[in-house]
Structures are given as structure tokens and as C-alpha cells.
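Some notes on the structure that comes next.
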Amino acid sequence: MIQIAILGYGTVGSGVYEIAEKNAKSIKRKSGKEVVVKRILDLREFDDHPHKELFTKDFDDILNDSDISIIVETIGGLEPAYRFTKSALLAGKSVVTSNKELVATHGTELLRIAREQNVNYLFEASVGGGIPIIRPLNGCLAANEITEIFGILNGTTNYILTKMIKDGESFADALRQAQEKGYAERNPEADVEGHDACRKICILASLAFGKAVDADKIHTEGITNITSEDVREAEGLGYVIKLIGYTKKTEDGRAICRVSPMLVPEDNPLSGVEDVFNAIMVRGDSIGDVMFYGRGAGKLPTASAVVADVIDIVKGADNKNFIWDEAPEGYMACYKEAVVSLFVRAKGVTKDDVINVFGSETEFAHSDELCFITPPAQEKELDKKLETLGGEIISRIRVMQEEE
Ligand code: HSE
């Protein structure tokens, strides 16, 4: 029998408990051992819980319990999750987490400690909710040099954008629904301002390219400035607006990372990814493109990824290669080096002015206002041109390229 503890009985933590209870038989069959939740740490009272005796408010009850070999950390945030995780690993316990903020911020150190202690620190649930992506990157796709990863990494914003585009709902109403469904972070600013997607692309880039990406250095824009006019004009041109996390390895081995709204062509598979679903496109030098799709947030989908990590540890799988190195100075390239097109809505300039600056390849919308898509170029070059255009820029949104 393997005894585990859960830190944090919120949306994901209670989902882990629920799955461990309801699927106990199949978990035993798949892992070879019975997996039992011995303690749950939470500062709140759970007097009505059928197993209220499992709850403690003192982490030491778990840390000092030698019967507990695996700890599930679903507290979220940096503290006390960081302190608890580090102590647990140093005490020789494996830790499984859904906490992307912690992995993105302290993953390099925690993975090193886990390796030194010969235990596991697994984080499948930290990216894409229930979608398997971390293990496939390190396993099935391991023979590839990964060159690019991009996709929809945040369920809450995708849910909001879908409701706004399809049902004409207001931003506030759609956000409230995402919160009620347990998709949104405790502070939903992390979702709508893009920080959650930033942490996820940070983890994917670190793992795929083998060097730690600094989340603080990732250019991050959320969806709060997207207007219904942007949505309508984009639609008229054959695009939908999605929040996209993007990373690419440059030819000289540096990493470009960015989170921002993008116009996605209607014939690109990412355009049809709706509601809470996430989709992650991985480009490898041998396999080409692979897309991972599924529920990117929510209690049971995310908890299922956590429990899968627990099962993997119980089975004795060796996951010590889930690691990345410190990055050298200058590893992160400026996001403006990436090639994009820009969707622009402008006032006070004419179509001829635009063609003079961006050339005849510019695509114009058939609408009452001046709205166009520039030919592709490095973003820094497009910005220089945009400065010379003059007039008033109402919106400026990146456009996903054909090959993306
Ligand atoms: N708030 C996150 C999302 C939860 O909406 O995607 C899953 O990481």
C-alpha cells in the first residue's frame, strides 16, 4: 500500500481525493498497489467531510509521517507551496503538483533537489490541465529536436473569448461563469492578463529546449484590451482571436517566448478550439507537427493528470530526466525578432499611406474603417514602419503565420 497526502483541498486537491476514492480499484490495477490518502492539509474546517479525521492544519503532521511517501501539492502560488515542496523533497518524499507558478519560478531548483534525493517532482497537471503534454514531450517525442511550441494554454480566457464571440456575452459575465466552473485562478487577473499562460509556456520551453526560461522575461499580453470591434473585423478577414503562448528556438540556440492575443486563420485547427479546451502544437524536426487537445482546466480533468503522476511514481517509473539546466546570460532572445504579421485598425491615414509603408501585399478589410493585415516581417521591422505611418492606431494584434 502507498500512502499519500494532499496539500490544499481546493478545486484540484478535492478532485484528486475524489478520483483516488472512486477509481481506487483501477488505480490499484494500473499501479500494482493500493493508493490511500492518509492526510489532507488545509487551513479551513471540513467538519461535514465523511473523513474529517484526515484533515490537519499542520504540515509537520505530514512531513514527519514516514508512512507518507508521495505528497500532492495543489495549494497553488509560491508560498507556502515552495517551502513545503522543498522540505518534502529533502525529506525523501516525491511530490506531484499542478502548481505552474511554482514550477515556472523554482522548477530548476526543485527538480535538482528531487534528482539528488532520488525522488520525483512531477508536474503533468501544471500545463494543459488534463492534457498529457509534459510526459509526451520527454517521452514519445524525445527523439526530436523541438523547434517550436505554440497554442491555447489557458482555459479561462478561451472560455471567455468563445462566449464573447459565439454568444455575444459580456467579458464580466463570461469571466463569472469561468469562475463558477472552477476554471479561473484564485485571482483571475492571472488568467486574463496572460500570466497563467506565461508560466505554462515557460515550463514547456524549459523542458523542450533543456534550459530554464525566466518567466519574468516573457513578453506577456492578456485579453483585456480586445474589443468586440477587433473580433468583428478579424472575423470579416477570416480569423478568430485567441490567446496564444508561443516559443521558438532560434537558429543560434536561443529561445523566443511570448504570450499575446493573435488572429488565428479559420482554417488553422487552433481556431476551432473552444470553451475551456486547450490545444498545444509541438513542432519537432523529425515528426513535424503534433497537436495535443483536451480540457485545459477544471477539477477532475486537472486532478486526473495529478493522479496519473502519482500512479507513475507508484509503478516505479524513472522520471529523473524531467529536468532542465540553468540558462546562460542572453539565452532569451527578444520576442520582436520573431516573424509575424500585424492586424491593424487605424484612423487618420489612407489606404495609399498604408501601401506606401507596408507594400502592395497588405490585405485590407472590406469595412467602414481602415483595417489591414501587414505582410510578414520581424516584429521590430513592422513596428518601425508603423511609427512612420502616422495617424492613430486603434488596435495592433499579431497574426498567426501560415506555417504556424
Ligand atoms: N486558470 C487556469 C486556466 C487553470 O484557466 O487554464 C488551469 O491551469
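The values are calculated or read from the model by the stated rules, or taken from the named source; none is laboratory data. Bear in mind that the values here come from a model prediction, so they are computed numbers and not experimental data. Glycine gets a Cβ as well: all are built from the backbone with ideal geometry, and neighbour counts include every protein chain shown. Ligands, DNA and RNA are stripped out before the accessible areas are found, and what is left, the full protein with its side chains, is counted by its heavy atoms. Shrake-Rupley method; radii C 1.70, N 1.55, O 1.52, S 1.80 Å.
Residue-by-condition table, conditions (1) open to solvent by 10 Å² or more (accessible area, probe 1.4 Å); (2) modelled with pLDDT of 95 or more:
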| residue | (1), (2) |
| --- | --- |
| 83 | yes, yes |
| 88 | no, yes |
| 95 | no, yes |
| 99 | no, yes |
| 108 | yes, yes |
| 133 | no, yes |
| 138 | yes, no |
Among residues of the range 157-197, those that are near the ligand (Cβ under 10 Å from one of its atoms) and acidic (Asp, Glu), counted: 3
What's the number of the only condition in (1) under 30 Å from residue 106 (Cα atoms); (2) part of a helix (DSSP H, G or I); (3) away from the ligand (no atom under 16 Å from the Cβ); (4) without any contact (Cβ under 8 Å) to a residue 60 or more places away in the chain that residue 206 fails to meet? (4)
Would you please list the contacts, defined by Cβ atoms under 7 Å and residues six or more apart or on different chains, that run from a residue in the range 259-281 that is farther than 18 Å from residue 344 by Cα to a residue that is of a type in the set (Lys, Arg) and open to solvent by 20 Å² or more (accessible area, probe 1.4 Å)? 276/295; 277/295
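Whether any residue in the range 78-92 is closer than 23 Å to residue 317 by Cβ, hydrophobic (A, V, I, L, M, F, W, C) and part of a loop (DSSP other than H, G, I, E, B) is what I want to check. Spell out how you get there, then give the answer.
If we filter the range 78-92 for residues that are closer than 23 Å to residue 317 by Cβ, which is where we start, we get 85-86, 88-92.
When the remaining residues are screened for being hydrophobic (A, V, I, L, M, F, W, C), the result is 88-91.
Filter once more, keeping what is part of a loop (DSSP other than H, G, I, E, B): 91.
The answer is yes, given that some residue of the range 78-92 is closer than 23 Å to residue 317 by Cβ, hydrophobic (A, V, I, L, M, F, W, C) and part of a loop (DSSP other than H, G, I, E, B).
Just wondering, is there one or more residues in the range 60-72 that are in a loop (DSSP other than H, G, I, E, B), touching a helix residue (DSSP H, G or I) at 6+ places or on another chain (Cβ under 7 Å) and of a type in the set (S, T, N, Q)?
No, that holds for no residue.
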Extreme residue, farthest from residue 341 (Cα to Cα), among residues of the range 263-291 that are in a strand (DSSP E or B) and open to solvent by 30 Å² or more (accessible area, probe 1.4 Å): 277
Can we say residue 103 is of a type in the set (A, V, I, L, M), within 22 Å of residue 23 (Cβ to Cβ), open to solvent by less than 40 Å² (accessible area, probe 1.4 Å) and not in a loop (DSSP other than H, G, I, E, B)? no
